[in-house]
Amino acid sequence: MAAMHEAATLSNQLLIAMPNQRDPNFARGVALVCQHGEDGAMGIMINRLSDYRLGDVLAQMNLRSELRDVIDAPVLIGGPVQPERGFVLHTPHGEWDSSFRISDEVSVTTSRDILAAIAVGRGPEHAIVALGYSGWSPGQIEHELRENAWLTAPASTSVLFETPLDERWQASAALVGVNLAQISPYAGNA
């Protein structure tokens, strides 16, 4: 039963890559854990810029926007799994198809209707569009935490939606009083 209790606590948490993280997909990365349970975990990276802008993604979906801030909005790399699939992390606003409530403050939606609303300026107040997601098999996150690959912090809407991308790694760790610049990239046990 302890594993289930531990698993439940990781939803709506930020996973912050420790300096010793060797996987290039996650080095200096921060992921919001959207779901975590017996079947493993799913999260969205919140600090990896893709080569795409939202206007590119909308065009691929045969949607158009006349709004410059929408067209030029960055699209993130959510993770290495299903990189062709779009995910929108957003503040709960409106009723979107295929929406999953992560917390009282944040939901994730995979449906076209939210992008159509964003294109015309009727989307949620805050939104992050990401391609792909990060996935962990059952017990994998717990193992990686024991190996000191990740630090966890409660999700913060200010980090998610207001902090510049290049500051999110340090800002996420600061939520729990950690300065990553002071941590050696070499792991070891005393």
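Estimated from helical segments only, the mean residue ellipticity of the chain at 222 nm is -5500 deg cm²/dmol, where each DSSP H run of four or more residues counts as -39500 (n - 2.57).
Assign one of three labels to the stretch 61-118, namely rounded, prolate or oblate, based on the Cα gyration tensor with a ≥ b ≥ c the square roots of its eigenvalues; rounded applies when a/c is under 1.5, prolate when it is not and a/b is larger than b/c, and oblate otherwise.
The shape class here is oblate.
Applying 1/(1 + (r/R0)^6) with R0 = 22 Å to the Cβ-Cβ distance of Asp166 and Asp23, what FRET efficiency is obtained, to the nearest 0.05? Please report the intermediate quantities before stating the final value.
Values: r = 20 Å, r/R0 = 0.90.
Here the calculated transfer efficiency is 0.65.
Summing charges over neighbours of Pro92, with a neighbour being any other residue whose Cβ is under 10 Å away from its Cβ, gives -3 when K and R count +1 and D and E count -1. All Cα-Cα distances of the stretch 70-190, cut into 10 Å bins from zero to the largest, leave 11, 35, 35, 14, 3, 0 percent in each bin in turn. Label reach from Val178 (point 7 Å along Cα→C-beta): in the stretch 42-66, amide nitrogens under 20 Å belong to 42-48. Under a Gaussian network description of the chain, with springs only between Cα atoms under 10 Å, the residue in Ser103, Ser134, Ser11 that fluctuates furthest is Ser103. Model label points for Asn148 and Arg112, set 7 angstrom from Cα along the Cα-to-Cβ axis, are 4.9 nm apart. Put a plus charge on the Cβ of each Lys and Arg, a minus charge on the Cβ of each Asp and Glu, and nothing anywhere else: the dipole of the chain about its Cα centre is then about 280 debye.
We did not get these values from a lab; they are worked out from the coordinates using the rules stated. Not measured: the values here are computed from a predicted model. FYI the Cβ positions are ideal-geometry reconstructions off the backbone, even for glycines, and counts take in every protein chain you see.
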